[in-house]
1. I'm checking my understanding of the structure. Among residues of region 295-351 that are of a type in the set (K, R) and part of a loop (DSSP other than H, G, I, E, B), which one is surrounded by the fewest Cβ atoms within 10 Å (Cβ to Cβ)?
2. Does region 141-158 contain any residue that is within 23 Å of the chain's Cα centre (by Cα), in a loop (DSSP other than H, G, I, E, B), among the polar types (S, T, N, Q) and closer than 30 Å to G98 by Cα?
3. Tell me the residue from V306, V314, V324 that is within 16 Å of the ligand (Cβ to nearest atom), in contact (Cβ under 8 Å) with a residue 12 or more places away in the chain and either within 10 Å of T129 (Cα to Cα) or basic (K, R) (or both), please.
4. Considering only region 57-93, state which residues are touching a Leu at 6+ places or on another chain (Cβ under 8 Å), part of a strand (DSSP E or B) and surrounded by 14 or more Cβ atoms within 10 Å (Cβ to Cβ).
5. Out of T52, T105, T129, T69, which single residue is touching a Phe, Trp or Tyr at 6+ places or on another chain (Cβ under 7 Å) and on the phi < 0 side of the Ramachandran plot?
6. Just give me the residues in region 287-309 being touching a strand residue (DSSP E or B) at 6+ places or on another chain (Cβ under 9 Å) and either of a type outside the set (D, E, K, R) or modelled with pLDDT under 95 (or both), in sequence order.
7. Determine, yes or no, whether G271 is touching a Lys or Arg at 6+ places or on another chain (Cβ under 6 Å), on the phi > 0 side of the Ramachandran plot and not polar (S, T, N, Q).
8. Just to be sure I understand, how many residues within region 16-41 are within 13 Å of the ligand (Cβ to nearest atom) and assigned to a strand (DSSP E or B)?
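The values are calculated or read from the model by the stated rules, or taken from the named source; none is laboratory data. For clarity, every value in this text was computed on a predicted model and none was experimentally measured. Don't worry about glycine lacking a Cβ; one is built from the backbone with ideal geometry, like all the others, and counts go over all protein chains shown.
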Amino acid sequence: MPFRFLTAGESHGQALVAIVEGLPAGVPFPSSFIEDELRLRRSGFGRSHRMTLEDDAIQILSGIKNGKTLGFPITLLLPNNAAKNLDTLPRLSAPRPGHADLVGTLKFKHDDVRNSLERASARETAIRTAVGALCQAFLKEFDIEFSSHVTQIGPIPMSIKTESKIKKLIQKCQNEGETLGGVFEIHVKGLPIGLGNFSQWDLKLDGRLAQAVMSIPAIKGVEFGLGFYGASLLGSQAQDEIFYNKKQKKNFGYVRKTLHSGGLEAGVTTGQDLILRAAMKPLSTLTQKPLKTVNMFTKEKTQALVQRTDTCAVPAAAIVAKNVAAIELTKAFLEKFGGDSLEEIKKNYSA
Ligand code: EPS
């Protein structure tokens with residue numbers, strides 16, 4: 001059965017929901033695994049007050065018994081503590097440049113700008129993080145491990161030396177109602193050679209991972225390995241030369257001494273670590289200096305609507321991205337080694 005999932009839910013609706021299908025039976029899955037990832041997603045300097053309201057107490061409604069997957073559809077439900085009665089909230093009219101407000105209201109012919117922001121909100125990434133945590137638990141069975149970290153906030157590269165400078169900048173932006181973007185990096189260790197496929201364009205794993213990460217709100221760029229920097233190098237400097245060591249079991253004895261590719265060649269994993277970086281733009285809600293916009297009902301000049309927002313959500317996006325990458329890698333892993341039970345997949349994998 002192919003792996004697939006759908007999410008539903010609005011940012012201030014009752015709950016977010018996901019149905020996940022295609023994970024094999026027998027994967028050990030403590031629910032604390034989801035809660036840990038959701039806690040990380042809520043944390044980070046510069047997050048909104050909303051994050052203190054949410055405890056993200058995930059409910060698993062189907063597909064898991066005695067801490068193990070059954071091989072049937074898994075239903076995840078994440079109640080919103082900040083739920084409101086959407087029917088009675090005041091109508092919004094002034095779309096924020098950079099959000100879904102204008103395009104969404106025109107596209108769906110809504111009579112309230114709020115409708116689109118409810119579904120386009122980054123709140124949806126909470127339930128995708130939960131799905132990703134399930135996928136991480138599956139891939140952990142094959143010693144595939146995920147991590148991510150912030151490498152830049154605004155213009156400042158992240159290091160122990162710059163940490164306090166960054167905190168000050170976030171604090172200053174918070175006081176002024178400004179927002180900040182940044183860059184984060186995902187590392188995946190323990191991947192086998194050969195996930196993904198170049199026999200059709202849409203099966204290439206670099207493209208699929210890029211789409212998964214780009215779908216996180218406010219992500220504007222994704223690169224692998226040398227990425228954009230590689231464009232300025234010579235061909236002789238930008239590849240990973242191939243060596244052979246007959247004593248090495250991993251990767252059938254083939255060895256690379258560099259990691260310029262970021263772990264993918266022709267959209268297929270090379271058996272090296274996967275390195276993906278993404279750029280997040282500053283969020284578009286500006287609480288003290290709303291940008292110029294137009295009232296969609298009177299067409300008069302006005303200022304963009306103001307909602308509660310994060311000053312800087314880059315650390316949260318780094319956690320979400322790690323999890324959406326886990327979803328895409330799970331799909332690719334099951335395409336190659338798939339089966340109905342973990343036991344069967346382990347046999348396929350060792351073969
Ligand atoms: C978010 C939930 C939202 C925002 C933020 C991220 O909740 P609320 O609108 O109630 O404050 O805090 O969403 C955005 C900034 C956005 O642009 O969508 C979350 O759960 O991550």
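1. Out of the qualifying residues, it is K299.
2. There is no residue in region 141-158 that is within 23 Å of the chain's Cα centre (by Cα), in a loop (DSSP other than H, G, I, E, B), among the polar types (S, T, N, Q) and closer than 30 Å to G98 by Cα.
3. That would be V324, the only listed residue that is within 16 Å of the ligand (Cβ to nearest atom), in contact (Cβ under 8 Å) with a residue 12 or more places away in the chain and either within 10 Å of T129 (Cα to Cα) or basic (K, R) (or both).
4. I60, I64, T69, I74, T75, L76, L77, L78
5. Among T52, T105, T129, T69, only T69 is touching a Phe, Trp or Tyr at 6+ places or on another chain (Cβ under 7 Å) and on the phi < 0 side of the Ramachandran plot.
6. Passing the criteria: K289, P290, L291, T293, V294, N295, T302, Q303, A304, L305.
7. Spelling it out, it is not the case that G271 is touching a Lys or Arg at 6+ places or on another chain (Cβ under 6 Å), on the phi > 0 side of the Ramachandran plot and not polar (S, T, N, Q).
8. Total satisfying the criteria: 1.
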